[in-house]
Amino acid sequence: MFVAVGDKNGFVVNKEVSMDTAQMMELSPVAPIDAMMREQLLDRQALLRDAQFSSAFDTDLSRLLSEVDAALVRLDKGTYGICEECHDAIEPDRLIADPLIKLCLGDLTQKQLDAIQDDLQLASEIQKRLLPKSNFSSEFWQADFAYHPAGVVSGDYVDLIPHDGELYFILGDVSGKGMAASMLMSNLHAMFHALVPLGLELCEMMTRANRLFAESTLANHYATLVVGKINANGEVEMCNAGHLPPIVVGGEKSIELGSSGLPLGMFSDSSFISSGVRLNPGETLLLFTDGVTEANDLEETEFGTDRLRESINGSATGHPTELLQTCVNAVAAFRNGAARNDDMTMLALKFTGAVN
């Protein structure tokens, strides 16, 4: 994943996060989880012990307390996150979702695997219900999105929230994959649906969302994100938290809007600045996750932003749905059968006309 960071001269550049930070959980789960899960387990232990003194404490709570105690013992012994059967590392996203598990996927019974599959399907259905209305339109805007998870669930976040005569739009990408990333995506959805109706300035809304996200996630989890709003005059205000720059298409040439700011959740006290652009009637704002630009062909060559722009030629003035389908088809043709390596999400917002 690439994030936007400032260099020593203050310029914003796209920088690839190193494997030991962005992918630490996936490659070496035991050490970071050993540090990050202890506090969570201690909190759960304290809650269960408090419940032990109430009349509601039952055998199931007693079992949970014993399992939490046992997990803390494994942390002390340095065996936390190690499968008790094969002694390999347990999948990190499963540990994040359930810090008490003791077995990796390969050592689960068929009944346990079936239960996990049922949970994944349920999570997928819930996540689909969080998506905005497709083919959105109003007197001044047309909007649509393309949403293609690489697995059963996705860490990409896309949203459209009409409020007080303006249309708020959000597109983001949570670090990591699988169930853990999808849970964080749901967290973002809930936060912004609570924050937008407050009528905050865009930068203040981002600051609050960043603080909430940072305080509710593990230290190595973050999200690149673009949050913006468009009014009836085609005026767009955006805050970009380390995400890929959106592109304005439909005029004489496509225009890339630079990104600024650190990813959401990287530091709890981060601040954000907004930028603006005014769309002419017929122009479209296109946002996308790195599952588009980093899609690989069979030779592991990346699709890239230039190919994305080339694919838009001839379809920039059409309906957002047509534009998105053109882009998705271009990525699929480029991959030429290569497996998708990441979630792929796009959002297109077309300004159809100004207020008289």
When the residues of segment 135-153 are narrowed to those that are among the hydroxyl-bearing types (Ser, Thr, Tyr) and more than 22 Å from Val174 (Cα to Cα), which ends up surrounded by the most Cβ atoms within 10 Å (Cβ to Cβ)? Ser137
By residue number, the members of segment 216-257 that are more than 26 Å from Gly318 (Cβ to Cβ) and modelled with pLDDT under 85 are Ser216, Thr217, Leu218, Ala219, Asn220, His221
Total residues in segment 282-334, condition acidic (Asp, Glu) and under 22 Å from Tyr168 (Cβ atoms): 1
Just to check your reading of the model, which residue among Ala241, Ala295 is touching a Lys or Arg at 6+ places or on another chain (Cβ under 7 Å), buried (at least 16 other Cβ atoms within 10 Å of the Cβ) and closer than 18 Å to Thr224 by Cβ? Ala295
Given the structure, is Tyr80 at pLDDT 85 or above, over 23 Å from Leu195 (Cα atoms), buried (at least 18 other Cβ atoms within 10 Å of the Cβ) and not small (Gly, Ala, Ser)? yes
Being small (Gly, Ala, Ser), surrounded by fewer than 19 Cβ atoms within 10 Å (Cβ to Cβ) and in contact with an Asp or Glu (Cβ under 9 Å, 6 or more places away or on another chain): is that true of Ser124 here? no
Quick check on my filter: what residues within segment 137-181 are farther than 13 Å from Asp290 by Cα, outside any loop (DSSP other than H, G, I, E, B) and among the aromatic types (Phe, Trp, Tyr)? Trp141, Phe145, Tyr168, Phe169
Matching option when the condition is crowded, with 19+ Cβ neighbours inside 10 Å, part of a loop (DSSP other than H, G, I, E, B) and touching a residue at least 24 places away in the same chain (Cβ under 8 Å), among Pro99, Pro132: Pro99
Counting only residues that are within 27 Å of Gln40 (Cα to Cα), give me the strands (runs of 3 or more DSSP E) lying completely in segment 185-253 with at least 3 of them. 223-230
From His189, His193, which residue is in contact (Cβ under 8 Å) with a residue 40 or more places away in the chain and surrounded by fewer than 21 Cβ atoms within 10 Å (Cβ to Cβ)? His189
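The values are calculated or read from the model by the stated rules, or taken from the named source; none is laboratory data. Not measured: the values here are computed from a predicted model. In this analysis, Cβ positions are derived from the backbone assuming ideal geometry, glycine residues included, and neighbour counts consider all displayed protein chains.
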